[in-house]
Amino acid sequence: TYWIPQFGINYHLAVDGISLFLVLLTTLMGPIVILYSWSNIKDSLRLYLALLLIQQTAMLGVFMALDLVLFFIFWEFSLIPMYLLIGKWGSERRKYASMKFFLYTMLGSALMFVVILLLYWQTGSFNWGVIRQLDLPYAFQMVAFLAFALGFAIKVPLFPFHTWLPDAHVQAPAAGSVILAGVLLKMGTYGFIRFCLPLFPDATLTLAPWLAGLALIGILYGALVALVQKDLKSLVAYSSVAHLGFVMLGIATINQQGLSGAVLQGVNHGLSTGALFLMVGMIYDRRHTRMLADFGGLWKQIPIFSALFIVTVMASVGLPGLNGFVGEFTILLGAFQVNPWWAVLGTVGIVFAAWYLLTAVRGMLQGPLDNPENENLKDLSQREIWLLVPLIILFFVIGLFPDLFLDKINPAVDVLIEEITSTT
């Protein structure tokens, strides 16, 4: 549909195997965070819920837009509601965290818009389908790839552009953290797959090893920093840096196993880390603390929370039979085909992930219930259980029946790989 015809800007939306499950993930997480917030937000609830709906609209637009100007509008528009959610309903340092989030992501996108205008000057079109058919000069591809990649890398966040994420997560309200980890960060990985790879194939093949190197650093760095965190929410935030490093590693392989695994693992991370942040919010609502040292022995007091927390941790670790295993295993298969050392270092990252997450489980749930303030904790309500049940069911569905998802993802990935490799 023509939107601004004099400039050739179209309202062009579409879905394929790469974006389908991200759209479904967004529409799943939206109602969950709204129902969670229903009784937890006491101040300006209507404004809060309106911002969540606007945020969901912007994210859906990013995953479906195939006109570059339309994509950029949705991309930038997604910053505003999250900035307000963190800045108004966040914790003590919420203003600092919201401003840091906004400036990092906005400035990272500025070069992207300049390159979008240069693409129009080169091709006469903002249409993704038209531009991907053209053979752009190699030097222009390199510049364009780097400009787009900067904006996407900050959003992922890819090391070393990750420093805004822990602050934003720790200061954001629980629902904001769920949306941030569950969906918003996937806009960065999706941007690499949807725009950088097909539009700039020659630059992609040149720069893919560098992306893999940064991804591996992020996997190991995020895991090691998570290991020493004392705040549970901060631990989960740094785990996102590590887990999204896996998604970027899969993208850098430029083969079917790696790319399909990256698409699926993006969804897996949204489900498992979104559930972790939801449960961090639930325990914070009861104890008003997130420090691991304040807990211990919770299994005796709140067994339902403890059981669901362990299942969610195992999904995040990548236990066989759960969703995280499928995504990580396919990514490592793809990485091994390109460079065995990529797979070795990625596997080390998985070991570290088990280390810091199981350390958190031991500190929170096991041992004696020796803190008097934990003796009167109430277990999850029926409403809270039903908020977590859809996510946990999907852990098992994806883990046991991955072809339900990969059968939709693989054809789109095959087309993408054929376009990239046919340029060589």
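The values are calculated or read from the model by the stated rules, or taken from the named source; none is laboratory data. Here the structure is a predicted model, which is why all the values come from computation and not from measurement. Counting neighbours? That spans all protein chains shown, and the Cβs are built from the backbone with ideal geometry, glycine included. Surface accessibility is based on the protein's heavy atoms, side chains included, excluding ligands, DNA and RNA. Shrake-Rupley method; radii C 1.70, N 1.55, O 1.52, S 1.80 Å.
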If I ask for residues that are closer than 15 Å to Ile283 by Cα and out of contact with any helix residue (DSSP H, G or I) (no Cβ under 8 Å at 6 or more places or on another chain), which ones from segment 356-381 would you list? Asn376, Ser381
Residues in segment 108-134 that are over 26 Å from the mean Cα position of the chain (by Cα), under 13 Å from Leu199 (Cβ atoms) and free of Cβ contacts under 8 Å to residues at least 40 places away in the same chain: how many? 6
When Phe152 is run through (1) without any contact (Cβ under 8 Å) to a residue 60 or more places away in the chain; (2) open to solvent by 10 Å² or more (accessible area, probe 1.4 Å), the failure sits at (2)
Of all residues in segment 158-179, how many are at pLDDT 80 or above, under 12 Å from the mean Cα position of the chain (by Cα) and closer than 18 Å to Met106 by Cα? 1
Restricted to segment 74-98, and to residues that are within 20 Å of the chain's Cα centre (by Cα) and without any contact (Cβ under 8 Å) to a residue 24 or more places away in the chain, which residue is farthest from Leu150 (Cα to Cα)? Tyr83
Spot the failing condition for Tyr104; the list is (1) surrounded by fewer than 23 Cβ atoms within 10 Å (Cβ to Cβ); (2) within 16 Å of the chain's Cα centre (by Cα), and only one is missed. (2)
Here are Ser37, Ser19: which of them is more than 30 Å from Ile417 (Cα to Cα) and among the polar types (S, T, N, Q)? Ser37
Somewhere in segment 183-200, is a residue touching a residue at least 24 places away in the same chain (Cβ under 8 Å), open to solvent by 10 Å² or more (accessible area, probe 1.4 Å) and farther than 30 Å from Gly274 by Cα? no
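Please work out if Leu308 is assigned to a helix (DSSP H, G or I), farther than 25 Å from Ala172 by Cβ and out of contact with any strand residue (DSSP E or B) (no Cβ under 6 Å at 6 or more places or on another chain).
Details: assigned to a helix (DSSP H, G or I): yes; farther than 25 Å from Ala172 by Cβ: no; out of contact with any strand residue (DSSP E or B) (no Cβ under 6 Å at 6 or more places or on another chain): yes.
It is false that Leu308 is assigned to a helix (DSSP H, G or I), farther than 25 Å from Ala172 by Cβ and out of contact with any strand residue (DSSP E or B) (no Cβ under 6 Å at 6 or more places or on another chain).
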Condition test on Gly129, is it out of contact with any helix residue (DSSP H, G or I) (no Cβ under 9 Å at 6 or more places or on another chain), assigned to a helix (DSSP H, G or I) and open to solvent by 10 Å² or more (accessible area, probe 1.4 Å)? yes
From (1) surrounded by 23 or more Cβ atoms within 10 Å (Cβ to Cβ); (2) in contact with a Ser or Thr (Cβ under 6 Å, 6 or more places away or on another chain), pick out the condition that doesn't hold for Gly327. (2)
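For the condition part of a loop (DSSP other than H, G, I, E, B) and open to solvent by 10 Å² or more (accessible area, probe 1.4 Å), what is the one hit in Ile73, Ile80, Ile41? Spell out the reasoning first.
Working: Ile73 fails: part of a loop (DSSP other than H, G, I, E, B); Ile80 fails: part of a loop (DSSP other than H, G, I, E, B).
Just one listed residue meets the conditions, Ile41.
Of all residues in segment 1-26, which are within 23 Å of Thr273 (Cβ to Cβ) and open to solvent by 30 Å² or more (accessible area, probe 1.4 Å)?
Just the residues of segment 1-26 that are within 23 Å of Thr273 (Cβ to Cβ), to begin with: 17-26.
The answer is Leu20, Leu24.
Quick check: is even one residue across segment 109-119 at pLDDT 80 or above, farther than 26 Å from Gly8 by Cβ, β-branched (Val, Ile, Thr) and touching a helix residue (DSSP H, G or I) at 6+ places or on another chain (Cβ under 7 Å)?
Taking segment 109-119 as the starting set, the residues that turn out to be at pLDDT 80 or above are 109-119.
From the residues that got through so far, the ones that are farther than 26 Å from Gly8 by Cβ too are none.
Checked against the condition, which is being at pLDDT 80 or above, farther than 26 Å from Gly8 by Cβ, β-branched (Val, Ile, Thr) and touching a helix residue (DSSP H, G or I) at 6+ places or on another chain (Cβ under 7 Å), segment 109-119 yields no hits at all.
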Are there any pairs with C-beta distances below 7 angstrom linking a residue in segment 1-19 that is of a type in the set (Ser, Thr, Tyr) to a residue that is modelled with pLDDT under 85, with the two at least 6 apart or on different chains, and if so which? Thr1/Asn10; Tyr2/Asn10; Tyr11/Thr1; Tyr11/Trp3
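Among the candidates Ala315, Ala335, which residue alone is open to solvent by less than 10 Å² (accessible area, probe 1.4 Å), under 22 Å from Tyr238 (Cα atoms) and of a type in the set (A, V, I, L, M)? Show your work before the answer.
Values: Ala335 fails: under 22 Å from Tyr238 (Cα atoms).
When all the criteria are applied, what remains is Ala315.
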Within segment 384-410, which residues are of a type in the set (Asp, Glu) and either at pLDDT 90 or above or open to solvent by 30 Å² or more (accessible area, probe 1.4 Å) (or both)? Asp403, Asp407
Among the residues of segment 44-55, is there at least one that is in contact with a Leu (Cβ under 6 Å, 6 or more places away or on another chain), assigned to a helix (DSSP H, G or I) and either more than 27 Å from Trp121 (Cα to Cα) or β-branched (Val, Ile, Thr) (or both)? yes
Filter segment 370-383 down to residues that are surrounded by 13 or more Cβ atoms within 10 Å (Cβ to Cβ) and farther than 16 Å from Ile304 by Cβ, then give me how many there are. 1
What residue, among those in segment 209-220 that are open to solvent by less than 10 Å² (accessible area, probe 1.4 Å) and of a type in the set (Gly, Ala, Ser), is nearest to Gln122 (Cα to Cα)? Ala212
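Take Lys88 and decide whether it is open to solvent by 10 Å² or more (accessible area, probe 1.4 Å), under 30 Å from Leu47 (Cα atoms), touching a Gly at 6+ places or on another chain (Cβ under 7 Å) and in a helix (DSSP H, G or I). Steps first, please.
Working: open to solvent by 10 Å² or more (accessible area, probe 1.4 Å): yes; under 30 Å from Leu47 (Cα atoms): yes; touching a Gly at 6+ places or on another chain (Cβ under 7 Å): no; in a helix (DSSP H, G or I): yes.
Against the criterion (open to solvent by 10 Å² or more (accessible area, probe 1.4 Å), under 30 Å from Leu47 (Cα atoms), touching a Gly at 6+ places or on another chain (Cβ under 7 Å) and in a helix (DSSP H, G or I)), Lys88 does not qualify.
Which of the residues spanning segment 258-296 are of a type in the set (Lys, Arg) and assigned to a helix (DSSP H, G or I)?
Residues of segment 258-296 that are of a type in the set (Lys, Arg), as a first pass: 286-287, 290.
Residues satisfying the conditions are Arg286, Arg287.
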